[in-house]
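Beneath this line is the structure, given in structure tokens, with notes to follow.
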Amino acid sequence: MAHRPCFLIAHPLASEDVQVFARVNSSGGRQLIDGTDFTATIDTAGQVTVTALAGAPAAGAWRVIVVAAKEIASFAEGLTVTMAQVTGLEDTLTALDARVTTLETLLPANASLPAGTTPVNAFEIQLPPASEILFARDTTTGLPITDPTKLPARAAYLLPAINRVGNDGALPTTPLPSPSAGALYTTAGVVLIPAAAISAAATRWRAASWGATGG
């Protein structure tokens, strides 16, 4: 049997699941047929052997391609690219660096400055005004007040706590009872207590509350 030339071809695919193709190494060169023009043997995960079946080809006459289907991560591991290989990356980083440099010239060097010290190149940040009405309810509907024009002349007052088990019954409204230390009434709804009554009662009720609770 005539000796058939063999070519040992190393590859970096690290797999035995590969395909071997060969063609004539010229412009428009034909595809060589596995089993007719050559055979391929998978030697290891990094080497194949190609055997010519129709005589030895001239040096450089064949081009052999070894391919494998692998996940992208296998090829990307350890991959290094230069900045110039990424389209537009260098220009983008240069522009961002210029913007950061501008910000650094505007901001003070320290997070806080000593009293009376004015930062160099200081600038103002305008914050939009915001407001919210808390703890105010309509005396008729009991619903929260959201319109500032609907607020009473004096907001509702939170009375001091009273340490009692029982109460003095329903709160008379016409007229309101005189301030009394430790008095506790019940109401069926929201009742607006006039500011004068609150001012007079608060001192007495607070004193009674502190005395009852030992404060």
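Computed from label points 7 Å out along Cα-Cβ, the spacing between Thr51 and Leu176 is 11.1 nm. In this simple spin-label approximation, Val24 and Ile42 carry label points 7 Å from Cα along the Cα→Cβ vector, and these lie 3.0 nm apart. Note on Val165 and Arg63: the extension gain reaches 26.6 nm, defined as 0.36 nm multiplied by sequence separation minus the Cα-Cα distance.
Rounded to the nearest 0.05, what FRET efficiency is calculated for Arg4 and Leu89 with R0 set to 35 Å and r the Cβ-Cβ distance?
Details: r = 51 Å, r/R0 = 1.46.
Efficiency, rounded to the nearest 0.05: 0.10.
What share of the DSSP beta bridges in the stretch 1-81 is antiparallel, in percent to the nearest 5? In the stretch 1-81, approximately 95 percent of DSSP beta bridges are antiparallel ones.
Straightening the chain between Gln31 and Leu96 buys 18.3 nm, computed as 0.36 nm per residue apart minus the Cα-Cα spacing.
All of the numbers you see were taken from the coordinates with simple rules; none came from a lab. Small disclaimer: the values here were computed from a predicted structure and weren't measured. Glycine also receives a Cβ, built like all others from the backbone with ideal geometry; neighbour counts cover every protein chain displayed.
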